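Structure record follows, encoded as structure tokens.
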Amino acid sequence: MVERCNGVGVRIYVDAVINHMCGGGGAGVGTGGSPFNYDVLDYPAVPYSVLDFNGPHNCFTPSGNIENYGPGHADEVRNCRLSSATDELSDLNPGNGWVDGKIVEFLNKLIGYGVAGFR
């Protein structure tokens, strides 16, 4: 699709979510067909494991979730899980070199497909 769009002058920009993985509890299969187990932070298709996520070692809120988006709480926004009334998303640790490498690998793959950029 990207090649065809580029061929007629239509540029593709990817809305890439690279700071977290799916949540919700339990195990399942993602929309791309790869299995995951949120409860133990196991995403074998990437692969990511519990070692690749933020957690109690760097998120210091009682719930482990972002509790305050206000000024002075940047560490909380960077290091804690994004949550809603029905879901929590596993928060990747960008300070982990392995995680950074996998993100770069993903973005480079998209560039290889011919995308024009990212948002």
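Okay, here's what the table says:
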| quantity | calculated |
| --- | --- |
| For the chain, Cys with no neighbouring Cys Cβ under 4.7 Å | CYS5, CYS22 |
| Three-way shape call for region 1-78 based on the alpha-carbon gyration tensor, with the a/c threshold at 1.5 | oblate |
| Förster radius 41 Å - calculated FRET efficiency between PHE118 and VAL50, Cβ distance, rounded to 0.05 | 0.90 |
| Distance from region 69-119 to region 1-25 (C-alpha centre basis), Å | 15 Å |
| Residue-count net charge about ASN58 - beta-carbon cut-off 11 Å; Lys, Arg +1, Asp, Glu -1 | -2 |
| Estimated 222 nm signal from helices in the chain, with DSSP H stretches of n ≥ 4 weighted -39500 (n - 2.57), rounded to 500 | -7000 deg cm²/dmol |
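Coordinate-derived values only; no laboratory data. Note that the structure is predicted; figures quoted are calculated from it, not measured. Please note: Cβ atoms are built from the backbone with ideal geometry, for glycine as well, and neighbour counts cover all protein chains shown.
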